[in-house]
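One structure is given below, encoded as structure tokens.
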Amino acid sequence: MKLVKQNIEQKDGTGTATLLPEEPEDMWHAYNLIRPTDLLRATAIRRVQNESASTGSTFSQRVQTTLTLRVTSLDFDPQAGQLHVSGKVAAENKYVKQGQYHTLDLELQRPFTLEKEGGWDSIALGVLKESLDQSARAELWAVVMQEGLANVCLITGHQTILRQRIEMSIPKKRAGASSSDHEKGSARFFSTLLDTVLRQMGLSPPTSSTADPKPLLLASPGFTATTFQSYIKTQAVQRGDKTLSSLVPKIIVAHAASAHLHSLAEVLASPAVTAKLADTRFARETALMDRFYALLRADDGRAWYGPREVERAVDRGAVGRGGGVLLISDALFRAQNVGVRRRWVRLVDRVREVEGGEVRVLSSMHESGRRLEGLGGVAAILTFPIEDVEEEEGVEGEGEGVEENLNGRVEEREVREMVI
Amino acid sequence: MAHRRVKDIDYDEDDLADYSEDEYGEEQEELSPEDKVQKQVAELVDNKEQMRIGTINVREALGAGHPADDAAIQEALWHYYYDIGKVVTYLKNQHRPQQTKKAKQESKFDKAATSAAAQAPTKATKASYFFKNVSWFNVPSEMSGQILVESLYPPLRLLGGSASGSGKPSKLAALAAARKKKEAEQKAAADQAADTESGKTTSGAASLLERLGGRPARTAPGLENQPPREQGKMAEPSTLKTFPIRKRKSPSPPPAPKRRPSSPKPSSPATQTQMETKQELRANPSIFASAMCGNTRPSLEYGVKPRFQQNFHTILFGDSDPYAKSNPFAGPSPDDVVAQAQAKGSKKQTTSQKDSKAVNGVANGVSNINLDEPAPSSKVKSKNLDVLAEYEKSDRKNAASFVVIGHVDHGKSTLMGRLLHDLKVVDQRTLDKYRKEANSIGKSSFAFAWVMDSTSEERERGVTVDIAMNHFETDKTRFTILDAPGHRDFIPNMIAGASQADFAVLVIDAGTNSFESGLKGQTKEHALLVRSMGVQRVVVAVNKMDSAGWSEDRFVEIKQQMTAFLTTAGFQAKNLAFVPCAGLTGENVVAPAPEPAAWYKDAEKFNGETLIQALEAYEPAKAAITQPLRMTISDVFRGGVTNPLSVSGKIDAGSLQVGDSVLAAPSGETASIKGIEIEDEGADWAVAGQIVTLHLVDIDPVHLRTGDVLCSPQKPIRNVRSFTTKILAFEHVLPMQVDVHRGRLHVPGRITQLVASLDKGSGVVTKKKPKVVQPGTVARVTIELDAAVPLEVPGRVVLRANGATVAAGLLEQVHQ
């Protein structure tokens, strides 16, 4: 993203920024920047209906105009990299009246101007800064696979985008029968998978680009990835395809526990991958989450998760200098409710400025962020153990009543003999 | 079949008489002449009365003017055991040529009679009908005697075809029946002629009695046709005389079956004398009953439970709880039978109407289709078998499937290859071929493993990747081997195999360090997995004993460690067996242990059994065959040119038969079963517990994936996205992403909530909403899945994350 113009007051955060998105990844940043109630100004195409004064007949025309919207909702399509922003028109012009609704499609190479409702907070400034950083442009394709199942995804600095899932029924080996059915099925699976990967990477013949292909990471349990790698090699030789041959040296093979998307976390943490992909953001995030989980397993009271627990820990000053880390998912800052957003921004600011701890905002589009979301979106590594956070929490929890009911129901039932 | 049953009884009851065809005569001679006479007279009086009533009824049914005389009617009555309907039909057939016109005039009446007759025998042929109102325990001896005679009317057709009347007999059976009928008709005609010649008006039965060597006339099949409430009366002493007796050669007329009753052993002299004294005390015990049951009459020996009856129902129904499962409503209800007959009749009518009124051709055509095919969508015709009854009747060996588990490279596949080779399931030539090929790529020791590892990838790498299934049979049991991969990456496949197994064989490398490293690795994980999937029994094969020099100390050491480990894992010590063996050389697998292992044969310490003997010790558990159908698909493949779409898997619950329609979940599409294969042999039906291959039609292959569930359309399984489960944690459990495994099915999901920690023993909540569940503890968690999959309470799931088994769970509640 390019910063075209900026007049943000350092003091109170008022002011505007004009930005120019250049690649699909920038849409993700825009999605994180633009919040409901913000003012967004961008060029738009709007269908305008006119009524002729004399006859009453109507005609409509599409006009290009610049609209200023008070944002009400956002819709991000990660697969296509498109962002649709809905809002009420905040500034009248000759085509639209104030208060009319419009949905803007933000487009690449078209600048937009953003003004924050309550001023630019630290998080928003952080995202802005990050989105302007041109150096972190690591991108790679990953295929997590096993026999009959593959997930083809694109991993960028801030997102893991599942581009295609391939599922195919491969006959299993059977006694007596020759294994040809199984082998035929595998060959069919590999050829479909290769075609898909090439198409997704933009390497298939019609659109074949001369540019260097991005690295391709193959991960699977067992030997499936290795077998697929050798399949690509033989295909490159057989077809005499230059683009395919140029892909071969870019292939990295790694181990994954399963073909499901969440095993990417394990893949990205493996030394084979981190060595090749240097210090990318997702690798850092994954490492951090692994550290958190390790502490949680150790159960020494230094790792806590969940909104209330973390806030309490921060109140006690446990997330401070000397190793305190606050892990927070960016999804929390996209909350519809301004109050909720402020709550998290305040927490982050406090840890960063008052307590002196480290804050990591994890992308909810990465596997590490997904793991964090499972823990309630926020977690903390403490500088000293706290044992009784939970006890203090008591019974005032919101969902408590409902759960009580559920528990009651379950317990009424006869306690079945457990496996051990 | 019947023969076998009686044989089985003999095993249990030594003093029980064992008859054979020719010895039977001897036994008769030993009876006192007075006895015989006395009995004959009694039976005759009884028969005469019944004969008289029967004759009148038949007369009525035939109507006046029928040429058959009393003698003929009585003869026929005797043959048909007083079944009026049958007699009428038979006589009509006899006299058809002369009086076709007359018969037509009275057609309405006749039709009613024949249709009534047609229904009666269908009832009688059903075992469940015959046994109706008969209690299984403390059955009076006279009743149990009748049960055996039931085999005179065997429901199964010998030459194929279905048992129930509605099914179509096989061609061979039809031919045989026709031939038999012809013979019988000839014979009956001859009998009739003889009777009329002698001019005896007493009764055909009497004349027959003489030819039968003065045996009582009344036989059980007559009772068979009586409605159930009359059977109740039979327990009364008055009917003691009408005791059934075994029939010799078939004097039975037409469609009487050819299956003959089993021949019991002659009773031992002691029993006979005893029996005779008792006959003096109590009048008229039947010869047959006293011979069969000895002195088991409850009135004579109070408090002694007749073991015979116990054995009898064990034979009939296996060890499973018989009374609950011998469903009296399994067959079509009498109402249904009537409805079916009516439907048939109306169908005929419509057809005839159609002929006459060509105007309504289209409408009639439609109605014909409806009547012809109950399930019009299906191209496959169902035989409408009563699968439960078939299952109870079927003469089956014990069947068991076992999964072979253990750490990678501990020799699972090789051991199983050796087993199959030694049992001659795999011939020497095939093995020589493998050996040569293995040698050529420098892996000579893998030759036996190649029996199980059939794909090229597995052979190249020398590692089992997927479950290999194979069958073999011993004298006692039919076994199915499920050879699981040992490598940790293929544990999903191992789970798929273990979910189909009845028990497990845990293979352990006795070599130095191998055992110890295995215990840290998959030996431990596999054992925990099979336990959490419900496997109770484990045979521990301590493999590669040759490399450990057949050392007793090593074996004992491993045995102690493994016993300790497995009992903590939840196995009962009595369900564990330890066998030292050597898979590569084949010692103590099928052949007994070699010389260096003499200590193993020492009866003081070890039982000396070979691996195969240890396998045979398995007692099969009962399967849930009366539940609605559930079958997890473990493979979808092309079964051949004629069967483009086949699936295989183990039936978890319920039963199925050819022609059934099944619902595939989660796709929700229905399919029809075109064919069933059990252990590579065709079958008409299958029940829970069996591993089957189904050939399906009327479904697109895209709707079937491995891990899907086939269920009955009437009681389908639900697809769920979220469920609550009680888990036993093997690792730390947090709210995290996991793979949920159930058999072949595995889907990504995440633990959304740790609901509560539970006490391991009592299941009481110890802590609500724990932060983390520690390994070895029990907790209740909620899991959300990425996609809806078929799951049911009480199912077992395995949760895995990052290539390790995190927890095993028992479903408590499914949401949505």
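Note on the range B:677-705: residues that are over 16 Å from B:T632 (Cβ atoms), crowded, with 20+ Cβ neighbours inside 10 Å and over 13 Å from the mean Cα position of the chain (by Cα) amount to 1. Tell me, please, whether a residue that is in contact with a Gly (Cβ under 8 Å, 6 or more places away or on another chain), touching a residue at least 24 places away in the same chain (Cβ under 8 Å) and not in a loop (DSSP other than H, G, I, E, B) can be found in the range A:110-118. Yes, because at least one residue in the range A:110-118 is in contact with a Gly (Cβ under 8 Å, 6 or more places away or on another chain), touching a residue at least 24 places away in the same chain (Cβ under 8 Å) and not in a loop (DSSP other than H, G, I, E, B).
Checking each residue in the range B:429-460 for being crowded, with 18+ Cβ neighbours inside 10 Å and not aliphatic (A, V, I, L, M) picks out B:Y434, B:F446, B:F448, B:W450, B:D453, B:S454, B:T455, B:E457, B:E458, B:R459.
Of the residues B:A598, B:A573, B:A623, B:A614, which is of a type outside the set (S, T, Y) and in contact with a helix residue (DSSP H, G or I) (Cβ under 9 Å, 6 or more places away or on another chain)? It would help to see each step written out before you state the result.
Numbers: B:A598 fails: in contact with a helix residue (DSSP H, G or I) (Cβ under 9 Å, 6 or more places away or on another chain); B:A623 fails: in contact with a helix residue (DSSP H, G or I) (Cβ under 9 Å, 6 or more places away or on another chain); B:A614 fails: in contact with a helix residue (DSSP H, G or I) (Cβ under 9 Å, 6 or more places away or on another chain).
When all the criteria are applied, what remains is B:A573.
In the range B:624-669, which residue that is away from chain A (no Cβ under 14 Å) and more than 22 Å from the chain's Cα centre (by Cα) is farthest from B:R744 (Cα to Cα)? The extreme case among them is B:T642.
When residues of the range B:553-573 are filtered for being free of Cβ contacts under 8 Å to residues at least 12 places away in the same chain and within 20 Å of B:D602 (Cα to Cα), how many remain?
Filtering the range B:553-573 for residues free of Cβ contacts under 8 Å to residues at least 12 places away in the same chain gives B:553, B:556-557, B:560, B:564, B:567-568, B:573.
Keeping just the survivors that are within 20 Å of B:D602 (Cα to Cα) gives B:553, B:556-557, B:560.
Summing the residues that are free of Cβ contacts under 8 Å to residues at least 12 places away in the same chain and within 20 Å of B:D602 (Cα to Cα) in the range B:553-573 gives 4.
Just for the range B:721-732: of the residues that are within 7 Å of chain A (Cβ to nearest Cβ) and either of a type in the set (A, V, I, L, M, F, W, C) or not in a strand (DSSP E or B) (or both), which one is surrounded by the most Cβ atoms within 10 Å (Cβ to Cβ)? Going through the qualifying residues, I end up with B:L728.
Rundown of residues vs (1) out of contact with any Gly (no Cβ under 9 Å at 6 or more places or on another chain); (2) of a type in the set (A, V, I, L, M); (3) surrounded by fewer than 18 Cβ atoms within 10 Å (Cβ to Cβ), yes/no style:
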residue: A:P271; (1), (2), (3): yes, no, yes
residue: A:R291; (1), (2), (3): yes, no, yes
residue: A:G322; (1), (2), (3): no, no, yes
residue: A:V325; (1), (2), (3): no, yes, no
residue: A:A335; (1), (2), (3): yes, yes, yes
residue: A:V338; (1), (2), (3): no, yes, yes
residue: A:L347; (1), (2), (3): yes, yes, no
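For the range A:253-265, the criterion of being within 14 Å of another protein chain (Cβ to nearest Cβ) and touching a Gly at 6+ places or on another chain (Cβ under 6 Å) is met by at least one residue.
Matching residues to (1) of a type in the set (K, R); (2) surrounded by fewer than 16 Cβ atoms within 10 Å (Cβ to Cβ):
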{"position": "A:D26", "(1), (2)": "no, no"}
{"position": "A:R41", "(1), (2)": "yes, no"}
{"position": "A:R47", "(1), (2)": "yes, yes"}
{"position": "A:A53", "(1), (2)": "no, yes"}
{"position": "A:G56", "(1), (2)": "no, yes"}
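Take the residues in the range B:733-746 that are more than 8 Å from chain A (Cβ to nearest Cβ) and part of a strand (DSSP E or B); name whichever of them is nearest to B:R780 (Cα to Cα). If you could, list the steps in order and put the result at the bottom.
Taking the range B:733-746 as the starting set, the residues that turn out to be more than 8 Å from chain A (Cβ to nearest Cβ) are B:733, B:738, B:740-745.
Still in the running and part of a strand (DSSP E or B): B:733, B:738, B:740-742, B:745.
Values: B:V733: 11, B:V738: 15, B:V740: 15, B:H741: 17, B:R742: 18, B:L745: 22 Å.
By that ranking, first place goes to B:V733.
Taking the range B:458-552 as the region of interest, the strands (runs of 3 or more DSSP E) fully inside it that hold 2 or more residues being without any contact (Cβ under 8 Å) to a residue 60 or more places away in the chain are B:468-473, B:538-543.
From A:E309, A:E367, which residue is out of contact with any Gly (no Cβ under 8 Å at 6 or more places or on another chain), touching a residue at least 40 places away in the same chain (Cβ under 8 Å) and more than 20 Å from A:E285 (Cα to Cα)? Just a single option satisfies the conditions, and that option is A:E309.
The set of residues from the range A:193-202 being assigned to a helix (DSSP H, G or I) and either in contact with a Leu (Cβ under 9 Å, 6 or more places away or on another chain) or farther than 14 Å from A:Q146 by Cα (or both) comprises A:L194, A:D195, A:T196, A:V197, A:L198, A:R199, A:Q200, A:M201.
For the range A:272-290, the tally of residues that are farther than 21 Å from A:E25 by Cβ and either within 14 Å of another protein chain (Cβ to nearest Cβ) or among the acidic types (D, E) (or both) stands at 2. Checked against the criterion of being assigned by TED's automatic domain parsing to the domain that holds A:N7, surrounded by fewer than 16 Cβ atoms within 10 Å (Cβ to Cβ) and not in a strand (DSSP E or B), the candidates A:Q61, A:Q79 yield just one match: A:Q79. Given the condition closer than 28 Å to B:L529 by Cα, within 14 Å of chain A (Cβ to nearest Cβ) and not in a loop (DSSP other than H, G, I, E, B), answer yes or no: does some residue in the range B:424-437 qualify? No, there is no match, as no residue in the range B:424-437 is closer than 28 Å to B:L529 by Cα, within 14 Å of chain A (Cβ to nearest Cβ) and not in a loop (DSSP other than H, G, I, E, B). Within the range A:138-152, the residues that satisfy the criterion of being closer than 23 Å to A:S329 by Cβ and modelled with pLDDT under 90 are A:A138, A:E139, A:L140.
Being within 22 Å of B:G570 (Cβ to Cβ) and either within 8 Å of chain A (Cβ to nearest Cβ) or among the β-branched types (V, I, T) (or both) is the filter here, so list the residues in the range B:759-781 that pass it. Before you say what the answer is, go through the steps one by one.
Our first condition is that a residue be within 22 Å of B:G570 (Cβ to Cβ); within the range B:759-781, this holds for B:759-766, B:773-781.
Scanning the range B:759-781 gives B:K760, B:S762, B:G763, B:V764, B:V765, B:T766, B:V773, B:Q774, B:T777, B:V778, B:R780, B:V781.
All conditions in (1) facing chain A (nearest Cβ under 10 Å); (2) in a loop (DSSP other than H, G, I, E, B); (3) among the β-branched types (V, I, T) hold for B:I717, with the sole exception of (1).
Let's see how each residue does on (1) outside any loop (DSSP other than H, G, I, E, B); (2) of a type in the set (A, V, I, L, M); (3) in the same structural domain as A:L67 (by TED's automatic domain parsing):
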site	(1), (2), (3)
A:G13	no, no, yes
A:T18	yes, no, yes
A:R35	no, no, yes
A:L40	yes, yes, yes
A:A44	yes, yes, yes
A:R47	yes, no, yes
A:N50	yes, no, yes
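In the range B:677-711, what residues are part of a loop (DSSP other than H, G, I, E, B) and more than 21 Å from B:A498 (Cα to Cα)? Listed by number, the residues that qualify are B:D684, B:D698, B:I699, B:D700, B:L704. Going through (1) closer than 28 Å to A:A256 by Cβ; (2) charged (D, E, K, R); (3) without any contact (Cβ under 8 Å) to a residue 24 or more places away in the chain one by one, B:K769 falls short only on (1).
For the structure I just gave you, tell me whether A:A269 is touching an Asp or Glu at 6+ places or on another chain (Cβ under 9 Å), among the hydrophobic types (A, V, I, L, M, F, W, C) and facing chain B (nearest Cβ under 9 Å).
Values: touching an Asp or Glu at 6+ places or on another chain (Cβ under 9 Å): yes; among the hydrophobic types (A, V, I, L, M, F, W, C): yes; facing chain B (nearest Cβ under 9 Å): no.
No: the conditions fail for A:A269.
Does the range A:214-222 contain any residue that is at pLDDT below 90 and within 11 Å of another protein chain (Cβ to nearest Cβ)? Scanning the range A:214-222 turns up at least one residue that is at pLDDT below 90 and within 11 Å of another protein chain (Cβ to nearest Cβ). Of all the residues in the range B:625-671, those that are part of a strand (DSSP E or B) and under 21 Å from B:G689 (Cα atoms) number 23.
The number of residues in the range B:750-788 that are part of a loop (DSSP other than H, G, I, E, B) and in contact with a Phe, Trp or Tyr (Cβ under 7 Å, 6 or more places away or on another chain) comes to 1.
The values are calculated or read from the model by the stated rules, or taken from the named source; none is laboratory data. Bear in mind the structure is a predicted one, so any value in this text is a computation, not a measurement. Every residue, glycine as well, gets a Cβ built from its backbone with ideal geometry; the counts of neighbours run over all protein chains shown.
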